[in-house]
Amino acid sequence: MHAARAAPPDLSDALLATGVDPRALERGRRVADESGQRLDRVLLQLGLVSERDIATAFAAMLGTCVAGPERYPTEPPLPFADRLSPRFLHAARVLPIAEEEGSLVVAMADPLDVFTQNAITAATGMTLRLEIAVPIEIEAALARLVAAPEEASPGARASVDDSDDDVERLKELASEAPVIRLVNQIIARAVETGASDIHIEPFEDRLRVRYRYDGVLHEAESPPVSWAAAINSRVKIMAQLDIAERRLPQDGRIKLAVRGREVDFRVSTITSLHGETVVLRVLDRSAMNFDTSLLGFSPSVAEKFGRALKFPNGIVLVTGPTGSGKTTTLYSGLLALNSVDRKVITIEDPIEYQLPSINQIAVRPQIGLSFAHLLRSILRQDPDVIMVGEIRDLETAQIAVQAALTGHLVLSTLHTNSASATVTRLRDMGLEDYLITAVLRCVLAQRLVRKLCLQCRREEEAPSELVKRFKLKRARGKATLWRPVGCPHCRGTGYRGRQAIGEFLMPNAEIERLIFSRADHSEIERQAVKDGMVTMFEAGIEAAVAGVTTLEEVTRAIRAESDEKMGSA
């Protein structure tokens with residue numbers, strides 16, 4: 001057995017040039033020296049760098065480029081398919097791309113593997129031109145383009161019905177190495193690329209795999225449709241779900257070590273026309289930042305929300321549609337409140353992230369543990385701060401109000417379009433106006449907008465029509481906005497990451513008077529703006545002018561509000 005080849009001495013410099021933390025690099029060097037392993041492999045195992053960081057560093061070091069998925073062949077056969085066996089290509093993670101100018105272009109995940117390079121040269125008689133492959137991308141391409149003999153079995157045997165024999169066969173298929181490897185690749189790619197969700201959807205002629213980045217779905221390399229049942233069964237086994245139940249929806253959870261860090265996945269399955277659709281929500285705690293000041297709110301909103309959390313009692317509400325970041329905001333507030341002298345309890349459906357030193361309870365309606373039932377019970381636990389995942393009905397709202405009136409600080413969420421609409425929503429539930437004014441301390445309404453990629457955004461002068469419509473401020477005689485361009489750093493989208501924009505309403509005497517007079521949400525909003533509230537739409541415009549996002553993204557995220565504003569402009 002040959003000793004592992006040491007990484008070239010300038011790999012460290014190349015990694016530093018990609019933006020890798022020098023402290024992480026030094027830690028990796030120490031572990032590599034102690035273990036005798038290659039530096040790049042140690043860094044990946046410890047989760048200190050991404051596979052793309054390594055690929056970019058190798059490309060810079062060897063004077064070549066990183067081969068993206070668009071560079072790979074769209075369909076078989078591959079060059080020299082008769083001389084390079086599928087088993088060899090899978091084992092070496094190498095993909096012949098094309099013959100160009102008398103050379104064979106190959107994408108390799110490990111360009112330091114000289115043995116594989118020599119073997120390809122001997123088998124083909126061609127000189128090689130290397131391009132560097134990101135491992136998860138080349139593995140997906142190999143799964144699509146090169147089916148090894150042993151990997152044909154899941155597809156050939158995955159057609160099942162409801163009999164016990166077929167259920168047992170599904171268990172066998174889900175336990176085979178090719179299926180395990182493919183599911184691990186799908187999951188690893190999501191974590192590696194920062195996806196928030198994985199969607200596995202069967203159709204009549206294909207199995208579609210999509211990843212959600214910054215709130216938008218992107219399609220990825222998809223495995224053969226014949227693998228659908230085996231892949232779904234593998235995910236079910238990992239999530240400890242009933243593999244035999246393929247008619248009713250199921251929910252579960254997976255905890256895995258991916259690329260050197262612990263990641264949780266929330267799993268949901270539901271039967272569609274052509275089979276079960278599986279969605280995995282990626283709950284990567286290391287990728288989340290529960291610091292209120294870093295969520296993206298304006299300094300004014302962040303400061304007011306921080307002050308509201310210091311109230312000894314009352315209800316603090318965060319509102320917005322599904323997927324607007326409400327839970328992240330509440331978690332940030334809880335961690336700011338968490339201390340030895342406070343007892344903090346949460347009721348959630350489901351528990352997304354496990355917070356240190358906080359008592360978290362999951363709603364289980366199938367056994368009668370609803371929000372209202374649990375909220376009534378935990379009041380006997382003598383909590384100081386209570387988080388209720390969502391106020392959905394009058395019973396939960398009434399118990400939350402009683403908790404607030406008896407000296408507890410209650411944090412919760414509602415589905416409303418604006419801060420002022422919260423009062424109308426609580427009133428529609430059946431809550432009396434005097435109770436709303438007695439306990440409501442503040443409302444933070446929010447949305448998430450995609451942030452422009454700082455590597456490729458472009459500044460442009462704003463058209464005069466937009467300046468007039470959105471009342472943009474001019475500087476140096478002109479108003480400027482920023483446009484998305486697209487680069488490898490942002491997967492060609494022009495956006496990278498998301499941040500919250502919000503409006504903060506804190507009832508005062510005038511707003512309480514409007515509530516008692518049963519004023520509608522528009523009257524309440526007008527008074528709040530008169531009192532200094534910056535609306536969500538205005539906050540979005542400020543973010544666009546500052547180059548954080550775009551006007552298009554703001555109007556997409558706050559469509560109803562923006563239409564109203566534009567109509568009155």
(request) With +1 on each Lys and Arg Cβ and -1 on each Asp and Glu Cβ, and nothing else charged, work out how big the dipole of the chain is about its Cα centre, in Debye to the nearest 20. (result) 1520
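Add +1 for every Lys or Arg and -1 for every Asp or Glu among the other residues with Cβ under 15 Å from the Cβ of F311, and state the total. Before the final figure, lay out each step's value.
Working: positive: K304, R307, K310, R342, R441; negative: E303, D384.
Around F311, the surrounding residues sum to +3.
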(message) Just to be sure I understand, if you calculate P(r) over Cα pairs in 20 Å bins from 0, in percent for this structure, which of [x] 15, 28, 24, 15, 11, 5, 1, 0; [y] 18, 46, 26, 8, 1; [z] 18, 44, 31, 7, 0 do you get?
(response) [z]
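If the viscosity is 1.567 mPa s and the temperature 4 °C, what translational diffusion coefficient in µm²/s does Stokes-Einstein give for segment 364-420 when Rh comes from Kirkwood over Cα pairs?
Taking Rh from Cα pairs, D becomes 109 µm²/s.
Cα-Cα pairs above 22 Å in segment 232-377: how many percent?
When all Cα pairs of segment 232-377 are counted, 53 percent exceed 22 Å.
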(request) Can you run the Rg to Rh ratio on segment 349-507? Use alpha carbon positions and the Kirkwood inverse-distance Rh. (result) 1.13
(message) Let me check I've understood the local charge: for R71, count other residues with C-beta under 12 angstrom from its C-beta, Lys and Arg +1, Asp and Glu -1. What total comes out?
(response) -4
(message) Give me the percent relative contact order of the chain, please, defined on Cα pairs under 8 angstrom at least 6 residues apart.
(response) 9
(request) Let me have the 222 nm mean residue ellipticity of the chain computed from DSSP H runs of 4+ only, each contributing -39500 (n - 2.57), with the sum over all residues rounded to the nearest 500. (result) -11500 deg cm²/dmol
(request) Quantify, in whole percent, the carbon and sulfur part of the accessible surface of the chain (1.4 Å probe; protein heavy atoms only). (result) 50
(request) Could you please tell me the mean projected area of the C-alpha convex hull for segment 1-132, averaged over all directions and given in square nanometres to one decimal? (result) 8.8
(request) Calculate, for the chain, the solvent-accessible area per residue in square angstrom, rolling a 1.4 angstrom probe over the heavy atoms of the protein chains. (result) 47
(request) Would you mind getting the Kirkwood hydrodynamic radius of segment 313-379 from its Cα pairs, rounded to one decimal in Å? (result) 13.2
(request) For segment 399-459, count the residues as N, evaluate 2.2 N^0.38 Å, and divide the Cα radius of gyration by that value, please. (result) 1.65
(message) How charged is the neighbourhood of I351? Take every other residue with its Cβ under 10 Å from the Cβ of I351, and add Lys/Arg as +1 and Asp/Glu as -1.
(response) -2
(request) May I have the count of lysine pairs in the chain with C-alpha atoms under 13 Å apart, counting pairs 8 or more residues apart or located on different chains? (result) 5
(request) Could you work out the per residue convex hull volume over the alpha carbons of segment 192-268, in cubic angstrom? (result) 112
(message) So, R0 is 30 Å and r is the distance between the beta-carbons of A244 and A81; what FRET efficiency does that work out to, to 0.05?
(response) 0.15
(request) Evaluate the Kirkwood expression for the hydrodynamic radius of segment 14-55, namely the inverse of the mean inverse distance over all pairs of different C-alpha atoms, and round to one decimal in Å. (result) 10.0
(request) Over the alpha-carbon set of segment 440-545, work out the extent along each principal axis and list the three values in angstrom, largest first. (result) 54, 32, 19
(request) Using the 2.2 N^0.38 Å rule of thumb for compact globular proteins, work out how segment 317-356 stacks up: its C-alpha Rg over that value, please. (result) 1.23
(message) Tell me which of P321, P299, A421 sits at the most positive position along the dipole axis of the chain, charges placed on C-beta atoms (Lys, Arg +1; Asp, Glu -1).
(response) P299
(message) Could you compute the longest span of the chain free of trypsin sites (Lys or Arg not before Pro) located in DSSP loops and having at most 12 other Cβ atoms within 10 Å, not counting the site residues?
(response) 6-246
(request) Only Cα pairs under 8 Å and at least 6 apart count here; give the relative contact order of segment 338-383 as a rounded whole percent. (result) 37
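The values are calculated or read from the model by the stated rules, or taken from the named source; none is laboratory data. Since this is a predicted model, take the numbers as computed values, not measurements. Counting neighbours? That spans all protein chains shown, and the Cβs are built from the backbone with ideal geometry, glycine included. Accessible surface is based on the protein model in full, side chains and every heavy atom, while ligands, DNA and RNA are left aside. Shrake-Rupley method; radii C 1.70, N 1.55, O 1.52, S 1.80 Å.
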